[in-house]
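The values are calculated or read from the model by the stated rules, or taken from the named source; none is laboratory data. Quick caveat: nothing in here was measured; it's all calculated off a predicted structure. Neighbour counts are summed over all protein chains in view; Cβ atoms, including those assigned to glycine, are modelled from backbone coordinates with ideal geometry. Just the protein is used for accessible areas: all its heavy atoms, side chains included, with ligands, DNA and RNA removed. Shrake-Rupley method; radii C 1.70, N 1.55, O 1.52, S 1.80 Å.
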Amino acid sequence: MRKKFVAGNWKMHGNLATNDDLLQSVRAGVAGLAVEVAVCTPYPYLDQARKVLEGSNVAWGAQDVSEHVQGAYTGEVSAMMLGDFGCRYVIVGHSERRSYYGDTDAVVAAKFEAAMKAGLIPIFCVGETLDEREKNVTADVVTRQLDAVIARCGIASLAKAVVAYEPVWAIGTGRTASPEQAQEVHALIRDRVAREDAGVAAGLQILYGGSMKPGNAKELMAQTDIDGGLIGGAALVAADFIAICAAA
Ligand code: PEP
């Protein structure tokens, strides 16, 4: 039985004062829930997250990582540095990184590898754009994104990772994939992994992301292959995030 996992992606939001409230509320609000919980904050607030969350059942992580180990890469942050701040998770391949910052499948696979080598758990995002869904190529796109990581890091690497299916058209739009639409792609992801290794596929946590809210979380997470959520907007409102964790 896979455990449910809810991860918040704060994106570029918050400040020291608002974060403190949010972190304290989440820490208290999910205490005792039988669900894995994490928050992925902007880099400068990782130490704040550590200070508030240490010793709780909420893990913390970052939203991106360099594909390089170290060196002359101005502005970049390595996986080892994230480890220094106690990060357990790091998001790789978020659609905003893919579309605004040019993270190709190859770059995402390299970031995934860098995260793993530093002992972090990648939350590896895949998903199609609206145009791709309308052209009926969702399965091709998601398979191509998955295969880039499988080719570089091997199928066993997915035993120590989390996959997040995030249809780009549902992120921050208020437009959620229906439970059936989401389940279909989650099953496709699990089947693709099962073709390589049935054991890895059976244990793989596959999160849904895209306008998940307290009102739709339960139905989405009741689907056979939906093991939790990657939450953007609703992760910034403590009561909403806690309600999603409770639904899980
Ligand atoms: C996300 O940023 O990964 C996300 C799913 O955002 P939202 O929940 O706001 O759609």
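Using only Cα atoms, locate the centre of region 75-105 and the centre of region 16-68, then give the distance between them in Å, rounded to an integer.
First find each Cα centre; the distance between them is then 16 Å.
Using R₀ = 22 Å, calculate the FRET efficiency as 1/(1 + (r/R₀)^6) where r is the Cβ-Cβ separation of residue 57 and residue 222; round to 0.05. Before the final figure, lay out each step's value.
Values: r = 23 Å, r/R0 = 1.03.
Calculated transfer efficiency: 0.45.
In whole Å, what is the distance between the alpha-carbon centres of region 145-163 and region 169-186?
One Cα centre to the other: 23 Å.
Might you tell me the accessible area per residue for the chain, computed with a 1.4 Å probe and given in Å²?
Value for the chain: 43 Å² per residue.
How do the peptides 56-66, 17-27 rank, highest first, by the average count of neighbouring beta carbon atoms within 10 Å per residue?
The peptides rank, most packed first, as 56-66, 17-27.
To the nearest 0.05, what FRET efficiency results for residue 140 and residue 175 with a Förster distance of 22 Å applied to their C-beta separation?
Once the sixth-power term is evaluated, E becomes 0.50.
Quick one: which residues, 5 or more positions from residue 65 or on another chain, have an amide H under 5 Å from its amide H? H modelled 1.01 Å from N in the peptide plane, none for Pro or chain starts.
Long-range HN contacts for residue 65: none found.
When the C-alpha atoms of the chain are aligned to their principal axes, what extent does each axis show, in angstrom, from largest down?
That gives 46, 45, 34 Å along the principal axes, largest extent first.
Using amide H atoms built in the peptide plane, which far-off residues or other-chain residues are under 5 Å from residue 60 H to H?
39, 88, 89
If I compute solvent accessible area with a 1.4 Å probe over the protein chains, what percent of it on region 164-232 is carbon and sulfur?
48
Listed highest first by mean packing, meaning other Cβ atoms within 10 Å per residue, what order do 187-193, 238-244, 227-233 come in?
Numbers: 187-193: 18.3, 238-244: 20.1, 227-233: 25.7.
Top of the packing list down: 227-233, 238-244, 187-193.
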